[in-house]
Amino acid sequence: MFCFQCQEAANNFACTKIGICGKDEIVSDLQDLLIYSLKGLAYVLNKTNYFDEEIEKFIPSALFATITNVNFDKDDIINYIKKAVSLREDIKEKFKLKDNLPKEASWSYKTDKDIIDFALSDEVRITKEKNEDIRSLKELITYGLKGIGAYYTHAKRLGFENKEIIKFIIKALSNLITLKDVNKLFELAMETGKYAVNVLELLDKANTSRYGHPEITKVSLGVRNRPGILISGHDLKDLEELLEQSKDAGVDIYTHCEMLPAHYYPFFKKYKHFAGNYGGAWHKQTVEFEKFNGPIVMTTNCLVPPKDTYKDRVYVTNEVGFPGLKRIPVKPDGKKDFSQVIEHAKKCKPPMPLEDGEIIGGFAHNQVLSLADKILEAVKAGKIRKFVVMAGCDGRHKTREYYTEFAKKLPKDTVILTCGCAKFRFIKEKLGDIDGIPRVLDAGQCNDSYSLVRVALALKDALNLKDINDLPIAYNISWYEQKAVAVLLALLYLGVKNIILGPTLPAFLSENVKKVLAEKFGISTITTVEEDMKRLGIV
Ligand code: FSO
Ligand code: SF4
């Protein structure tokens, strides 16, 4: 195996024997073969201009399944591979495509063993590309596409679509087979950023059309005395169905990690049994899930390989997979059937309390813009001197303590704009407010970084500035998995400069690609809290 797609790649180089995330060699290599097969499928789609609803759903979902902490089950990945090959063969048959096809579009298998053997071969491995810069740019694009695929999948489940985004994914995947030119690959990376913006916008539209605009909300961190179900990940549709099916069952529903922002949406407030948020960021789940006592539903990443002590209480759905975990059944009308989870909960003890109090959030674009006058007044009066975007992801590494320290040491005339699970490093700190405006404004999930961009653009207009980089905003962003890569490419496409990205720069960026990103966009990584505050013009 050779995987360096996330921030926790071993020694900031690559996982080569077993993933730090817990992914084993076979699953890792099968995921590479899935990407390889998707390129082959994209190649024949590109050649024939064929497109249908099945393709529109399958490609983003398959990309999603290869994101860090989503699917650890080799059988699931094998099924995705078989589907990619079968769709590809159908199209070849339909259009009588036979000759001069690249291996990605022509490899075949007879048994599952053939699939595994091919996955383990050098042909499929990322390191097959010997030129480090080409490899780096190709992987940057691939990871951006994985992120776009994940966000598209969420939007599509809510009935929102933009076929141009999938057509771009197809074009890009197909070009990844043939492109060898560094400049062209760089252009393709920037174009990936453009479609990342489009997909973030689409998902924002999907979420807000269905659930209303997030509004300022206090979320309880304590527990009630009935049994509970904990729901984690990003899929709001699953939460909706779970809340509806459990409303008279005598159990409470709690959010975990990236599901926390669901509390900010008006739609979910009508459910009296929607109790609050339990715990912190994803990597703490091995402790927190144990204490929760009730069943846990993982709708997306980040799943950590479960401990035997609570494994029988973890359920998966959508692209998530782990050997031995129970899958939520899907009813003929496409809705999930949560009855087994609800019955399971009824037999469990209530959750053990972890903490008390509440946190405040819901500062997505609509809410912030409704406070725009107040915010602008504070900016013009010098009471808010700087906004600091501290968005992105959390992770296990000790180096991420930097972000707590950074947030705590920020001068009192600064406001943090956050979203994603990065916020758990500081959202529970008492950082106070400026004339009633909290010093930490949480927009929501990682995809709500789109909200932060909307806020920045609105501020730029209100302050009569020409360029987004003239704003009093600094970016100190933490990343972990490939959705964050899509968000980063979106920010670069929008022209945001001087982002500090940490706790390390991606292992998949070659020295030359890092150099270009530094020269063109001013990207750098963290140093010390004091030094970075100076660099960002905060002190
Ligand atoms: Fe975090 Fe995991 Fe939302 Fe990610 S829970 S790390 S960028 O999946 O998607 O912020
Ligand atoms: Fe390693 Fe990250 Fe890949 Fe997991 S996803 S194998 S931790 S680089």
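Each reported figure results from applying straightforward, stated rules to the coordinates on display, with no laboratory input. This structure is a prediction, so every number in the text was calculated from the model and none was measured. Heads up, the Cβs are rebuilt from the backbone with ideal geometry, glycines too, and the neighbour counts pull from every protein chain shown.
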Please find, among Cys15, Cys3, Cys21, the residue that is within 14 Å of ligand 2 (Cβ to nearest atom), touching a Cys at 6+ places or on another chain (Cβ under 6 Å) and in contact (Cβ under 8 Å) with a residue 24 or more places away in the chain.
Cys3
Lys423 versus (1) exposed (fewer than 15 other Cβ atoms within 10 Å of the Cβ); (2) touching a strand residue (DSSP E or B) at 6+ places or on another chain (Cβ under 9 Å); (3) among the charged types (D, E, K, R): which is the lone unmet condition?
(1)
Quick count over region 97-130, residues being in contact (Cβ under 8 Å) with a residue 12 or more places away in the chain and not in a helix (DSSP H, G or I), is 11
Looking at this structure, is Gln5 assigned to a loop (DSSP other than H, G, I, E, B), under 20 Å from the mean Cα position of the chain (by Cα) and under 19 Å from Pro305 (Cα atoms)?
yes
Kindly indicate whether any position in region 498-512 is over 21 Å from the mean Cα position of the chain (by Cα), under 19 Å from Leu417 (Cβ atoms) and without any contact (Cβ under 8 Å) to a residue 40 or more places away in the chain.
yes
What is the one condition in (1) more than 16 Å from ligand 2 (Cβ to nearest atom); (2) more than 23 Å from Leu203 (Cβ to Cβ); (3) buried (at least 21 other Cβ atoms within 10 Å of the Cβ) that Asp312 does not satisfy?
(3)
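Do we find that Glu355 is surrounded by fewer than 22 Cβ atoms within 10 Å (Cβ to Cβ) and part of a helix (DSSP H, G or I) in this structure?
no
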What's the total number of residues in region 315-352 that are in a strand (DSSP E or B) and either more than 16 Å from ligand 2 (Cβ to nearest atom) or among the hydroxyl-bearing types (Ser, Thr, Tyr) (or both)?
6
Can you list the strands (runs of 3 or more DSSP E) found entirely within region 179-275 that contain at least 1 residues being within 26 Å of Ile427 (Cα to Cα), touching a Gly at 6+ places or on another chain (Cβ under 7 Å) and free of Cβ contacts under 8 Å to residues at least 12 places away in the same chain?
none
Residue check: is Ala474 without any contact (Cβ under 8 Å) to a residue 12 or more places away in the chain and touching a strand residue (DSSP E or B) at 6+ places or on another chain (Cβ under 7 Å)?
no
Looking only at region 434-466, which residues are surrounded by 24 or more Cβ atoms within 10 Å (Cβ to Cβ) and charged (D, E, K, R)?
Asp442, Asp448
